[in-house]
Amino acid sequence: RMFDGSRTGVQKDNKCALIDREGKPLTSFKYSYIEPFRGKLFTQVYVRDKMGIVDRRGAEILPVAYDKVEQLSEEYEVSVSSLDGKYGFVNSSGVLYPPVFDAVDCERIDSEAYRRKKRVLPDYIADVKLNGKTYMADSKGFLHSTIVGLYGEFKLLEETPAVYFEDVMKETVSVQES
């Protein structure tokens, strides 16, 4: 395999590992496949039909447990992950929101809708649907209730303060248990 910068994947006994230019292993031989880095800081790794993310040092940013993880890149703050029909978000530090959302709607970062939402909520990452409610999710772990104005502008509902994601999940679990 060709080196991408100073890293490449190698195969032995039908398992793959990541090595540096000197041949020093950065991961063990445990992956079914390793995507090329293609100049990025992160890449996708696979074990059978599950995916994860590793960085150039070989550290697992996300464990190989997901059905799908969009490629992390420097231009996007977060990436969508999915597991068992639910969606979540990951970033270069790991899991931002676990895959619990029923749906996600990510605007293109060059779209006017994305810019409008970022003006209203500077930490905006996407619209999410959870338990029949739609929220604007931010990169700090909060879900915000919003309305769309007459001219398509987004407004945060002042009377409904942002809720911390962990609190929403506690509420969901307690409802399911009763």
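The values are calculated or read from the model by the stated rules, or taken from the named source; none is laboratory data. Worth saying up front: this structure is predicted, and the values here are computed from it rather than measured. Ideal geometry is used to build each Cβ from the backbone, glycine not excepted, and the neighbour counts take in all protein chains shown. Surface accessibility is based on the protein's heavy atoms, side chains included, excluding ligands, DNA and RNA. Shrake-Rupley method; radii C 1.70, N 1.55, O 1.52, S 1.80 Å.
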Could you say whether any residue in the stretch 158-176 is part of a helix (DSSP H, G or I), open to solvent by 30 Å² or more (accessible area, probe 1.4 Å), at pLDDT below 85 and of a type in the set (S, T, N, Q)?
-> yes
Matching residues in the stretch 107-126 - criterion: being part of a loop (DSSP other than H, G, I, E, B) and either touching a helix residue (DSSP H, G or I) at 6+ places or on another chain (Cβ under 7 Å) or of a type in the set (A, V, I, L, M, F, W, C) (or both) = 107, 108, 109, 121
Modelled with pLDDT of 85 or more and under 11 Å from the mean Cα position of the chain (by Cα), is that true of residue 86?
-> no
Enumerate the strands (runs of 3 or more DSSP E) found wholly within the stretch 37-106, keeping only those where 3 or more residues are crowded, with 16+ Cβ neighbours inside 10 Å.
-> 42-47, 50-55, 60-66, 79-83, 86-91, 94-101
Test: residue in the stretch 17-36 that is under 16 Å from residue 64 (Cα atoms), outside any strand (DSSP E or B), acidic (Asp, Glu) and open to solvent by 70 Å² or more (accessible area, probe 1.4 Å) | no
So which pairs qualify, if the first residue must be in the stretch 123-134 and farther than 14 Å from residue 107 by Cβ, the second must be hydrophobic (A, V, I, L, M, F, W, C) and surrounded by fewer than 21 Cβ atoms within 10 Å (Cβ to Cβ), the Cβ gap must be under 7 Å, and the two must be at least 6 apart or on different chains?
-> 129/103; 130/100; 130/168
